[in-house]
Amino acid sequence: MFAAMVLDPRLAFVFLCVLIVGAAVPLAMGWVHVLPEDEPPLARPDVSSQGRKNEVSAEKVQTRKHDPFAIVLLAIVTFSYVLQFPGLRGDAALRWLATGMPETWLSWILLAGRAFFVVTPGLAACYSVVRPNSLRASLISSGILVLLLWLLEPMLFAAMTAS
């Protein structure tokens with residue numbers, strides 16, 4: 001590969017780390033926006049000033065609506081990130097699937113699954129550009145970075161092992 005000849009293995013490692021951490025941060029921020037807030041740990045219900053603050057924050061949470069399709073896209077992009085995370089290989093799962101179905105079916109399912117999880121992060125970024133929602137920034141940045149992770153990780157691994 002061309003990247004193995006051009007890139008220094010240390011530089012390829014740095015690029016891979018930047019892609020992994022860079023994709024994880026917007027995904028985490030997206031899930032922070034989706035999940036509900038916890039109550040403060042030391043809040044007492046008899047204090048009126050804190051009660052008013054909690055009522056306002058509860059009203060604020062009620063008014064902030066999430067796009068359900070954006071949440072589904074965030075879940076798919078997160079699963080796509082997990083599938084491409086280095087060191088997590090699905091050899092045991094593939095062997096288990098191979099025992100239950102013919103080899104041609106398994107190869108087609110793996111091809112379709114790979115295509116789905118490569119294309120969906122880009123589609124999530126495009127969806128968030130076109131349709132504004134509360135997860136817009138998280139979906140755009142994580143979608144682009146997870147797509148880059150899928151596309152560049154094989155070249156970066158080849159450059160890292162070429163030394």
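A few notes on this one:
- Computed from label points 7 Å out along Cα-Cβ, the spacing between D8 and A98 is 4.0 nm.
- Three-way shape call for the range 87-163 based on the alpha-carbon gyration tensor, with the a/c threshold at 1.5: oblate
- Rolling a 1.4 Å probe over the protein heavy atoms leaves R136 with an accessible area of roughly 90 Å².
- Computed label-point distance, nm, for sites F85 and I20 using a 7 Å Cα→Cβ extension: 1.0 nm
- Packing around the peptides 125-131, 142-148, 152-158, 103-109, taken as the average count of other Cβ atoms within 10 Å per residue, puts them in this order, highest first: 142-148, 152-158, 125-131, 103-109.
- Karplus-derived 3J(HN,Hα) values for the range 86-101, using 6.51 cos²θ - 1.76 cosθ + 1.60 with θ = phi - 60°, are x, x, 9, 9, x, 4, 5, 5, 5, 5, 5, 5, 5, 6, x, 8 Hz; glycine and proline are entered as x.
The values are calculated or read from the model by the stated rules, or taken from the named source; none is laboratory data. The structure displayed is predicted, hence computed values, not measured ones. Neighbour counts run over all protein chains shown; Cβ positions are idealised from the backbone, glycine included. Each accessible area value is taken on the protein alone, full model and side chains, heavy atoms only, with ligands, DNA and RNA left out. Shrake-Rupley method; radii C 1.70, N 1.55, O 1.52, S 1.80 Å.
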